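The values are calculated or read from the model by the stated rules, or taken from the named source; none is laboratory data. Please read all numbers here as calculations on a predicted model, not as lab measurements. We place every Cβ from the backbone using ideal geometry, glycine too, and count neighbours over all the protein chains shown.
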Amino acid sequence: MPVWSLLTSFLIVVAGAAIASRYATVDSFDAIHVVLSIFLSVNILVCLWQWCLFVRRDYVGTRVDHWREQGERVGASASKAFMFTRLSASKVFSLTFWSEIYSVYSVTDPAYTDKTSCGFNTDIWNGFWTFIPSVLLLVTFSSPFIPPLITGVVGIALFHQWIFGTIMYSASFYVGGHYKSVPVSDAFLFIWVINGGWILCAVLGFYVSVRLILDQNYSVLGF
């Protein structure tokens with residue numbers, strides 16, 4: 001099984017379970033709920049990678065050249081080479097293997113090989129701080145069991161961090177001059193497209209959280 005297939009399956013199962021749970025409750029779908037379910041599921045997956053980054057932080061830098069060469073060998077980007085790598089059973093639960101996602105990303109942004117950098121520490125912080133709140137919001141957005149005031153407060157804290165942290169990281173990429181060493185297409189994809197999408201989803205989540213507090217119910221999510 002290639003890496004991309006396993007990751008897609010993970011997101012389908014986690015986000016799909018949340019969407020199906022809401023459908024079972026109200027017999028309908030809601031666009032905002034679907035977007036946030038996918039977003040929170042992606043962050044849960046990212047948190048798992050960030051734990052691997054923390055545990056194998058000294059290993060990440062040793063694999064950057066390997067993935068750069070793999071990309072050149074197949075005539076594609078390092079990220080594409082990684083995504084099409086076939087997984088053996090032993091690698092599925094390997095912290096070392098999944099930490100290499102950051103070796104791949106370091107081909108674009110070397111900040112992840114520097115334990116003092118903004119990017120490295122922002123991701124470590126995200127991994128440890130946002131995992132439980134992400135799971136909590138994913139579950140209660142789908143089957144409300146927490147008072148909306150509490151959910152809204154947790155959501156404001158969580159989504160605000162993502163907005164602030166992503167903007168700060170994106171700025172550091174340019175202020176630090178890392179954009180000079182990568183193709184414009186890579187900078188556009190990883191910084192503008194991915195981070196831009198992350199910010200937009202976080203803004204949507206922030207709006208939902210404010211509505212939960214003001215409305216004192218889950219009507220913003222179609223309940």
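Structural remarks
- Residue, modelled with the lowest pLDDT, within the stretch 172-189, restricted to residues that are surrounded by fewer than 18 Cβ atoms within 10 Å (Cβ to Cβ) and closer than 20 Å to VAL46 by Cβ: ASP186
- Residues in the stretch 112-162 that are polar (S, T, N, Q), in a helix (DSSP H, G or I) and more than 18 Å from the chain's Cα centre (by Cα): THR113, THR140, SER142, THR151.
- If you go through the stretch 81-112 and keep only what is in contact with a helix residue (DSSP H, G or I) (Cβ under 8 Å, 6 or more places away or on another chain) and among the small types (Gly, Ala, Ser), you end up with ALA81, SER99, SER103, SER106, ALA111.
- Selection from the stretch 75-127 of residues that are among the aromatic types (Phe, Trp, Tyr), closer than 16 Å to TRP49 by Cβ and loosely packed, with under 15 Cβ neighbours inside 10 Å: PHE93, TRP125
- So ALA31, is it at negative phi, out of contact with any Lys or Arg (no Cβ under 8 Å at 6 or more places or on another chain), of a type outside the set (Asp, Glu) and exposed (fewer than 14 other Cβ atoms within 10 Å of the Cβ): yes
- Note on the stretch 191-220: residues that are surrounded by fewer than 19 Cβ atoms within 10 Å (Cβ to Cβ), assigned to a helix (DSSP H, G or I) and more than 19 Å from the chain's Cα centre (by Cα) total 6.
- Residue in the stretch 128-136 that is surrounded by fewer than 17 Cβ atoms within 10 Å (Cβ to Cβ), over 22 Å from VAL60 (Cα atoms) and at pLDDT 90 or above present: yes
- Counting only helices (runs of 4 or more DSSP H) that sit completely within the stretch 22-108, those holding 3 or more residues that are in contact (Cβ under 8 Å) with a residue 24 or more places away in the chain and within 22 Å of THR166 (Cα to Cα) correspond to 31-55, 95-105.
- Test: residue in the stretch 2-25 that is of a type in the set (D, E, K, R) and modelled with pLDDT under 90: no
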